Amino acid sequence: MLGPSTVTAEEIRAHTHKAFVRVGEEFVVSILVDITESPVNALEGRITFPDKVLSVAAIHDGNSSINLWIKKPHLDENQIVFAGITPGGFVGIGKHLFSIVFVAEEAGMASIDVQSSQIRAHNGQATIIQHTARSATLEIAHGDSSERKEVFVDTEPPEDFVPIIANDPNVFGGDWFIVFQTQDKGLGIDRYMIKEGKWSRYRVAESPYHLQNQSRDVDIYITALDVAGNERYVVVLGETKSSNWMVVSVIVLGVGALLSWCVRRRLF
């Protein structure tokens with residue numbers, strides 16, 4: 001049984017650079033976390049806001065300290081829910097989780113709150129770490145704003161990644177599946193597209209993906225697209241092709257070694 005958690009200065013907070021906006025204006029709220037002592041590897045929670053005063057224009061999870069989202073930050077009625085893990089853990093001040101682009105809809109005061117948050121230690125026991133949660137508050141005034149839209153520039157593709165083909169009796173009835181995951185330093189990953197075989201059609205896919213071709217003798221093409229439309233493209237060679245390449249490589253190396261031996265012996 002786990003003992004009580006130690007009180008620390010750990011904090012998860014909503015942060016914005018603006019304290020005042022006008023109706024119709026967009027502004028960004030970043031969800032940050034301070035981890036000052038032991039590394040943590042799991043976080044979850046929800047973000048609440050007055051939905052009559054604010055609306056959500058976009059959610060960006062690019063450059064996040066979270067590597068794997070169990071629940072990718074998304075709007076669920078009038079709140080944003082999230083849950084994710086980072087194998088190996090992380091520590092630091094002001095570590096970025098995700099950002100929310102809000103639109104001011106009505107005049108008044110608006111508070112963006114972090115609710116039901118949990119932070120778990122990277123200690124092999126998933127100990128819950130006590131922490132504080134801080135809100136972001138700003139005033140919305142009547143009138144038109146000259147800075148209505150937030151502009152985001154993202155020209156970098158998602159990071160390179162290496163998919164893994166595996167099977168497990170507890171997953172897809174023991175059939176072969178492929179696992180893939182990458183990160184995006186800009187606005188975040190939008191979706192993955194996959195096709196099996198050069199002439200097949202791409203389809204939207206999530207990891208793990210149940211392979212339709214269980215013989216694994218065709219190439220698998222995976223494209224990761226970020227929110228800005230940048231792409232990262234990888235190919236997993238079919239098993240037969242991979243084996244053929246290995247055979248060809250062995251033959252080439254063997255022939256090269258034989259030629260080298262012949263030259264040394266002055267047989268040519």
**Prompt:** Can you work out ³J(HN,Hα) from phi for every residue in the range 150-161, in order, using Karplus 6.51 cos²θ - 1.76 cosθ + 1.60 and θ = phi - 60°, giving whole Hz and x for Gly and Pro?
**Reply:** 8, 9, 10, 10, 9, 10, 8, x, x, 5, 5, 8
**Prompt:** Over the heavy atoms of PHE152, what accessible area does a 1.4 Å probe trace out, to the nearest 10 Å²?
**Reply:** 90
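I need the peptides 111-124, 195-208 ranked by packing, meaning the mean over residues of other C-beta atoms within 10 angstrom, with the highest value on top.
Numbers: 111-124: 16.6, 195-208: 13.0.
By packing density, highest mean first, the sequence is 111-124, 195-208.
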**Prompt:** Can you give the extra length, in nm with one decimal, that the chain gains between GLU105 and GLN214 once fully stretched, where that is 0.36 nm per residue apart less the Cα-Cα distance?
**Reply:** 34.1 nm
**Request:** Work out the charge dipole of the range 103-218 with +1 on the Cβ of Lys and Arg and -1 on the Cβ of Asp and Glu about the Cα centre, then indicate which of TRP199, THR137, ILE112 is farthest towards its positive end.
**Result:** TRP199
**Message:** Using the crude model of +1 on Lys and Arg Cβ and -1 on Asp and Glu Cβ, and no other charge, please compute the dipole size for the chain relative to its Cα centre, in debye to 20.
**Reply:** 1320
**Asked** Sorted by packing (mean other beta-carbon atoms within 10 Å per residue), highest first, where do 229-239, 99-109 land?
**Response** 99-109, 229-239
**Request:** Return the calculated 222 nm mean residue ellipticity for the chain, to the nearest 500 deg cm²/dmol, obtained by summing -39500 (n - 2.57) across DSSP H runs with n ≥ 4 and dividing by the residue count.
**Result:** -3500 deg cm²/dmol
**Fill in**
Amide H neighbours of THR127 at under 5 Å, excluding residues fewer than 5 places away on the same chain, with H built from the backbone geometry, are ALA121
**Prompt:** What is the set of long-range amide H partners of LYS71 at a cut-off below 5 Å, with H atoms built 1.01 Å from backbone N?
**Reply:** ALA83, GLY84
**Request:** Could you order VAL56, VAL21 so the one with the most accessible surface comes first? Probe is 1.4 Å.
**Result:** VAL56, VAL21
**Complete:** Sorting GLY84, ILE128, PRO163 by the position of each Cα along the dipole of the chain (Lys, Arg +1; Asp, Glu -1; all at Cβ), the one nearest the positive end of that ordering is PRO163
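Could you tell me what percent of the accessible area of the range 47-92 is made up of carbon and sulfur, with a 1.4 Å probe and every protein chain present?
On the way: 1110 of 2120 Å².
Ligands and nucleic acids excluded, carbon and sulfur reach 52 percent.
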**Message:** Can you tell me the orientation of helix 239-264 relative to the chain, as the angle in degrees between its alpha-carbon axis and the longest Cα principal axis, to the nearest 10?
**Reply:** 50
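Need the full-extension length gain, ARG191 to LYS72, defined as separation in residues times 0.36 nm minus the C-alpha distance. One decimal, nm.
Values: separation 119, 0.36 × 119 = 42.84 nm, distance 1.17 nm.
Residue separation times 0.36 nm, minus the Cα-Cα distance, leaves 41.7 nm.
The values are calculated or read from the model by the stated rules, or taken from the named source; none is laboratory data. Nothing here was measured: the structure is a model prediction, and the numbers come from that model. Don't worry about glycine lacking a Cβ; one is built from the backbone with ideal geometry, like all the others, and counts go over all protein chains shown. These accessible areas exclude ligands, DNA and RNA; they are computed on the full protein's heavy atoms, side chains included. Shrake-Rupley method; radii C 1.70, N 1.55, O 1.52, S 1.80 Å.
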